[in-house]
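Below is one structure, written out as structure tokens; comments come after it.
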Amino acid sequence: MAISRVFLTPLIVACALFMENMDSTVIATSLPAMALELGESPIALKLAMTSYLVSLAVFIPISGWMADRFGARTVFRSAIAVFMLGSILCGVSHTLAELVAARFFQGIGGAMMVPVGRLVILRTTSKAELVLALSYLTIPALLGPVIGPPLGGFITTYFHWRWIFFINIPISILGIYLASRFIENLRSDDVVPLDLIGFVLSATGCSALMFGLASAGRHLVAGPISLICIVTGALALLAYVWHAYRCPQPLIDLRLLRIPTLRMNVFGGSLFRIGVGALPFLLPLLFQLGFGLTPFQSGLLTCASAAGAMFVKTITTVVLKRYGFRNVLVYNTMLGAMSIAAYGALNADTPHMLTLCLLLLGGCIRSMQFTSLNAIAYAEIDQQQMSQVTSLTSVAQQLSIGLGVTVGGLALQGSNLLQGHAAIVSTDFWPAFLLIGLIVLSSLPFALKLAPDAGAELAGRRG
């Protein structure tokens, strides 16, 4: 019996999405063990997380152009191969510099896999079957963060952290085989010219600025080099802003920020994500270095947030229809800030069940916020603007999460130095959680500026 393409194509793309989502969570659980073997401070390992996120932000905007120019199947298969090679290079890295470079290379593949895969689904599925196809795609996106932390913790505790990268090899080979056999090599006959100047400026700006911030504190490079990177990156991004408003078809169209609901997603959403982006970095360190838990125990605890996120996905539509986007974003922002700050009150004597409940509740709150933010971005967008809006929001999302890891690492390092501890201990964490909670709260004014009926049509609140 032939398998329906409505099921098969999303399943193939889901292999890539599952691999990418799981990879980002397994590494967070393994950071302390990786730092020990590489002879680095655990805080320095934030570079391994931010380099991957920066690579996503740099290359996602050109993924659609690449698919149109060279064919969706060609780019999708090549992206999986690059991701697999990057995973292998991560697994054989013996220094922090090698690991950071390998993670950046791996991110090039990640940046192309999922956007191109989604593009294939959108172009090969009828509107009547699109919701069903996308529902198949979202399952691995939800399962990856649930399975990732305990799997990474199990491998690190009972085997070796290097195997968390090698498990991508069989999944990648399966994905390449299925894509070769079942995915069409779709391409466009009318490919717009690539904004090469914009790409160079944005790539330089994002990479240099984020590397400079993440390496601050004399991680990997000397302080003056970090400062030079920060200045260079900031100037390149300013140059991109100047270029984008003068280019007829910019890589990322900043003129779209005039739309209020999109502006809320980019600015308010970025502040929220900066705070939340620090959690996958801080929580495993708190549980392992602060409380003395094994990576496996840490992974079992942190996956509670993802389980909460899965649950709330089932009720978000109902909540938005009942209360509207503005109310949900306003009150959920405050709840999100309080839940993150509350993590600072956890200690080694806190019952694990109470910790699990707090993480579960936090996951529910953050999932509701992310779903609302992602949807409100398209409230006032027409079909012709979809591609540009997706690029803009994707870049903002990856950069803000990467900045969250950096801010969380700097806050933890600063707290450790101020308290005069020779090593990281549990009392170093509460100032970091308080700071990122305040950053989340700073997104509140953007939510308050939304019109009461913002996104009413999306929420099903017509009339």
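What follows is calculated from the coordinates using simple rules that are stated; it is not laboratory data. It should be emphasised that the depicted structure is a prediction, and the values quoted were computed from it without experimental measurement. Positions of Cβ are generated from backbone atoms using ideal geometry, with glycine treated the same way; all protein chains shown enter the neighbour counts.
Here are the numbers for the structure shown:
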read-out: Filter result (assigned to a loop (DSSP other than H, G, I, E, B), farther than 27 Å from Leu143 by Cα and without any contact (Cβ under 8 Å) to a residue 24 or more places away in the chain) within region 346-388; value: Asp349, Thr350, Asp382
read-out: Candidates Phe325, Phe272, Phe287, filtered to the one that is hydrophobic (A, V, I, L, M, F, W, C), without any contact (Cβ under 8 Å) to a residue 24 or more places away in the chain and surrounded by 23 or more Cβ atoms within 10 Å (Cβ to Cβ); value: Phe287
read-out: Residues being part of a helix (DSSP H, G or I) and free of Cβ contacts under 8 Å to residues at least 24 places away in the same chain - total across region 26-73; value: 2
read-out: Considering residues of region 401-426 that are small (Gly, Ala, Ser), surrounded by fewer than 24 Cβ atoms within 10 Å (Cβ to Cβ) and at negative phi only, the residue nearest to the chain's Cα centre (by Cα); value: Ala411
read-out: Search result, residues across region 419-435 that are in contact (Cβ under 8 Å) with a residue 12 or more places away in the chain and more than 13 Å from Gly290 (Cα to Cα); value: Pro431, Ala432, Phe433, Leu434, Leu435
